[in-house]
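**Student:** Mind looking over this structure? Questions follow.
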Amino acid sequence: MNILLLYPEFPDTFWSFKHALSFVGKKASFPPLGLLTIAALLPEKWNKKLVDLNVSRLHDSDLAWANYAFIGGMAVQKQSVQHLITRCKKTHVPIVAGGPLFTMEPEEFKDVDHLVLNEAEITLPLFLHDLAEGKPKRIYATKEFADMARTPSPLWELADLKSYYAIGIQYSRGCPFNCDFCNVTSLLGHRVRTKSTQQILAELDNLHSCGWRNRLFFVDDNFIGKKSYLKTDLLPNLIAWRKDKKGITFQTEASIDLADDNEMMNLMVQAGFDTVFVGIETPDDASLAECKKTQNEHRDLVADVKKIQRAGMQVQGGFIVGFDHDQPSVFRRQIDFIQRSGIVTAMVGLLQAPLGTQLYKRMEKEGRLQGVSSGDNVEGTTNIKPVMGFERLHEGYRHILDHIYAPRHYYERIKTLLREFRAPVIPYMITRSDLIALFRSTYKLGIFGKERLQYWKLIFWTLFRKPALFHMAVGLAISGYHFRKVCELHVR
């Protein structure tokens with residue numbers, strides 16, 4: 001059996017880093033973790049080939065070779081998914097599809113031959129059994145959640161790892177919180193399920209044996225959802241594993257209550273975590289209460305962010321405008337918060353209601369839905385009729401982005417972060433990619449960029465004040481170029 005694993009193209013979005021990847025000589029941010037895990041769940045004797053449209057082209061010869069095409073994807077990849085389905089149908093290659101996009105919108109994909117939905121550890125074996133019997137059904141779904149002890153190590157060898165900037169691995173699924181705009185719990189539940197430490201170490205060893213020496217992203221929706229196990233088992237073992245692994249650093253996502261736990265932050269930094277994404281959403285308590293973001297309410301969020309930064313982790317932040325309780329002043333408040341906190345990578349989006357969320361159900365009941373969410377938080381659209389009116393909301397939203405990604409304000413935030421940030425426990429190892437990035441940024445940003453004055457001020461300021469963080473300063477300058485391009489191209 002020849003299985004073609006197809007990963008759809010990402011559009012040019014905030015998190016694609018499309019305009020930054022060329023600085024470091026990479027084609028995409030991450031290889032497709034889900035599809036590579038699916039590949040490991042398929043029979044070992046089957047032939048498997050990965051085509052990631054973010055790094056390579058799909059050729060007719062690939063489709064001619066395949067007995068089945070397996071497609072996975074997220075909502076933001078929907079347009080590319082439709083294109084892939086059309087190509088497969090033209091060449092009569094049967095399609096097996098799964099992942100968040102298909103699980104949330106199965107009725108949208110009538111041309112897919114087999115939908116293997118929800119968590120593949122449960123539904124894929126059922127499909128494979130029926131396929132072997134010669135009677136596969138069209139839809140396989142479950143309301144159960146998988147035991148992650150059954151999740152195999154992804155088949156990294158199918159991917160051209162040199163094409164990617166970082167690699168994602170997954171430790172846990174599920175989130176204990178109940179934010180009404182988030183579909184994580186509808187897809188993965190509230191109970192936090194984890195792999196064993198042995199599984200994670202085996203995956204890391206496998207990646208290391210494949211030659212990977214760079215950034216690893218724990219893609220968990222809330223890495224600290226099961227704190228006791230992290231402190232007593234996983235993190236101590238990661239600290240031991242990383243001692244002789246030069247160049248490898250970790251990043252992840254976590255809730256803001258990480259700032260309350262000095263022991264957790266210290267262990268994470270010792271293990272090599274230097275970046276954490278946190279859903280801040282808004283500095284307005286009424287809007288936080290509205291969306292049930294209880295973990296963020298009644299806190300000094302700027303102080304929390306700075307506490308994490310001082311521990312040695314950069315905070316990337318998610319922000320939202322368009323809540324019912326938002327007043328016109330919210331746009332200025334968001335700007336002030338982002339600038340004061342030193343959150344350089346600030347993803348600000350209009351509130352959207354994804355399928356399966358409590359917010360979607362509420363907006364549907366109130367007659368305020370306008371189609372489905374695009375999955376792109378930073379394209380300036382929403383599927384909700386906002387209380388303040390769309391034109392006023394969009395104008396305020398555009399003002400936020402124009403301000404925070406203007407070179408002067410963006411570079412101010414980099415220095416604010418670097419002033420707070422504690423130098424890494426293990427000194428950063430300069431790589432060939434870092435040198436390439438420095439050379440290209442000097443040329444593109446320092447000579448021809450509209451931010452060239454701010455760029456050189458940052459370079460010299462960092463060399464004299466924070467030389468141990470020079471690589472971070474250059475990386476953030478490059479990211480800023482991408483963010484500005486996205487804003488200029490899509491939010492007008």
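**Student:** Just to be sure before I move on: is Ala254 hydrophobic (A, V, I, L, M, F, W, C), under 23 Å from Gln314 (Cα atoms) and without any contact (Cβ under 8 Å) to a residue 60 or more places away in the chain in the structure I sent?
**Tutor:** yes
**Student:** Right, something else. Would you be able to say whether some residue in the stretch 109-121 is without any contact (Cβ under 8 Å) to a residue 12 or more places away in the chain and either surrounded by 14 or more Cβ atoms within 10 Å (Cβ to Cβ) or assigned by TED's automatic domain parsing to the domain that holds Ile71 (or both)?
**Tutor:** There is at least one residue in the stretch 109-121 that is without any contact (Cβ under 8 Å) to a residue 12 or more places away in the chain and either surrounded by 14 or more Cβ atoms within 10 Å (Cβ to Cβ) or assigned by TED's automatic domain parsing to the domain that holds Ile71 (or both).
**Student:** Do we have His399 as farther than 23 Å from Ala289 by Cα, modelled with pLDDT of 95 or more and outside the structural domain of Lys293 (by TED's automatic domain parsing) here?
**Tutor:** no
**Student:** Pick out the one residue from Leu463, Leu418, Leu458, Leu438 that is touching a helix residue (DSSP H, G or I) at 6+ places or on another chain (Cβ under 7 Å), among the hydrophobic types (A, V, I, L, M, F, W, C), without any contact (Cβ under 8 Å) to a residue 12 or more places away in the chain and farther than 30 Å from Gly322 by Cβ.
**Tutor:** The match here is Leu463.
**Student:** Looking at the stretch 89-106 only, could you name the residues that are within 26 Å of the chain's Cα centre (by Cα) and either surrounded by fewer than 19 Cβ atoms within 10 Å (Cβ to Cβ) or in a loop (DSSP other than H, G, I, E, B) (or both)?
**Tutor:** Correct list: Gly99, Glu105, Pro106.
**Student:** Can you find, within the stretch 339-380, the residue that is nearest to the chain's Cα centre (by Cα) among those that are surrounded by fewer than 17 Cβ atoms within 10 Å (Cβ to Cβ) and acidic (Asp, Glu)?
**Tutor:** Residue satisfying both the conditions and the ranking: Glu364.
**Student:** Another question, if that's okay. For a quick check of your reading of the model, give me the residue pairs whose first member lies in the stretch 470-492 and is aromatic (Phe, Trp, Tyr), whose second is part of a helix (DSSP H, G or I), with beta-carbon atoms closer than 7 Å and at least 6 apart or on different chains.
**Tutor:** Listed by first residue and then by second, the contacts come to Phe470/Thr462; Phe470/Leu463; Tyr481/His19; Tyr481/Ala20; Phe483/Phe14.
**Student:** Out of curiosity, is Gly396 within 26 Å of Val76 (Cα to Cα) and touching a helix residue (DSSP H, G or I) at 6+ places or on another chain (Cβ under 7 Å)?
**Tutor:** yes
**Student:** Which one of the conditions (1) among the charged types (D, E, K, R); (2) in contact with a strand residue (DSSP E or B) (Cβ under 7 Å, 6 or more places away or on another chain); (3) at pLDDT below 95 does Glu379 fail to meet, given that it meets all the rest?
**Tutor:** Here Glu379 meets the rest and fails (2).
**Student:** When the residues of the stretch 298-314 are narrowed to those that are of a type in the set (Val, Ile, Thr) and in contact (Cβ under 8 Å) with a residue 40 or more places away in the chain, which ends up surrounded by the fewest Cβ atoms within 10 Å (Cβ to Cβ)?
**Tutor:** Ile308
**Student:** Restricting to the stretch 1-25, name every residue that is at pLDDT below 95 and either aliphatic (A, V, I, L, M) or over 15 Å from the mean Cα position of the chain (by Cα) (or both).
**Tutor:** The answer is Ser22, Val24, Gly25.
**Student:** From (1) in contact with a Ser or Thr (Cβ under 6 Å, 6 or more places away or on another chain); (2) over 29 Å from Ser374 (Cα atoms), pick out the condition that doesn't hold for Pro236.
**Tutor:** (1)
**Student:** Looking only at residues in the stretch 67-88 that are over 15 Å from Asp52 (Cα atoms) and outside any helix (DSSP H, G or I), which one is nearest to the chain's Cα centre (by Cα)?
**Tutor:** Among those that are over 15 Å from Asp52 (Cα atoms) and outside any helix (DSSP H, G or I), it is Tyr68.
**Student:** While we're on this one: Looking at the stretch 386-405, I want the residues that are of a type in the set (Ser, Thr, Tyr) and have a partner that is surrounded by 15 or more Cβ atoms within 10 Å (Cβ to Cβ) with Cβ atoms under 7 Å, at least 6 apart or on another chain. Which pairs are those?
**Tutor:** Sorted first by the residue in the stretch 386-405, then by its partner, the pairs are Tyr397/Val321; Tyr397/Leu350; Tyr397/Gly380; Tyr405/Gly480; Tyr405/Phe483; Tyr405/Arg484; Tyr405/Cys487.
**Student:** Could you tell me which residue of the stretch 25-61 is farthest from Arg87 (Cα to Cα), considering only residues that are among the acidic types (Asp, Glu) and surrounded by fewer than 19 Cβ atoms within 10 Å (Cβ to Cβ)?
**Tutor:** That would be Glu44.
**Student:** Still on this structure: Just checking, how many residues over the stretch 109-140 are farther than 21 Å from Thr91 by Cα and under 25 Å from the mean Cα position of the chain (by Cα)?
**Tutor:** Selection size over the stretch 109-140: 9.
**Student:** Something else: Taking the options Leu126, Leu131, Leu158, Leu201, name whichever one is at pLDDT 95 or above, surrounded by fewer than 21 Cβ atoms within 10 Å (Cβ to Cβ), in the same structural domain as Gly247 (by TED's automatic domain parsing) and not charged (D, E, K, R).
**Tutor:** Leu201
**Student:** Among the residues of the stretch 385-443, count how many are under 30 Å from Ser373 (Cβ atoms), buried (at least 17 other Cβ atoms within 10 Å of the Cβ) and of a type in the set (Lys, Arg).
**Tutor:** Selection size over the stretch 385-443: 1.
**Student:** Would you mind listing the helices (runs of 4 or more DSSP H) fully within the stretch 383-481 where at least 1 residues are within 23 Å of Ser29 (Cβ to Cβ) and out of contact with any Phe, Trp or Tyr (no Cβ under 8 Å at 6 or more places or on another chain)?
**Tutor:** Here the list reads 390-404, 407-420, 432-444.
**Student:** Can you tell me which residue is farthest from Phe483 (Cα to Cα) among those in the stretch 1-17 that are among the aliphatic types (A, V, I, L, M) and assigned to a strand (DSSP E or B)?
**Tutor:** So the residue we want is Ile3.
**Student:** Out of Ser186, Ser196, Ser255, Ser228, which single residue is surrounded by 21 or more Cβ atoms within 10 Å (Cβ to Cβ) and of a type in the set (S, T, N, Q)?
**Tutor:** After ruling out the rest, the residue left standing is Ser255.
The values are calculated or read from the model by the stated rules, or taken from the named source; none is laboratory data. The structure displayed is predicted, hence computed values, not measured ones. All Cβ positions, glycine included, derive from the backbone under ideal geometry; neighbour counts span all protein chains shown.
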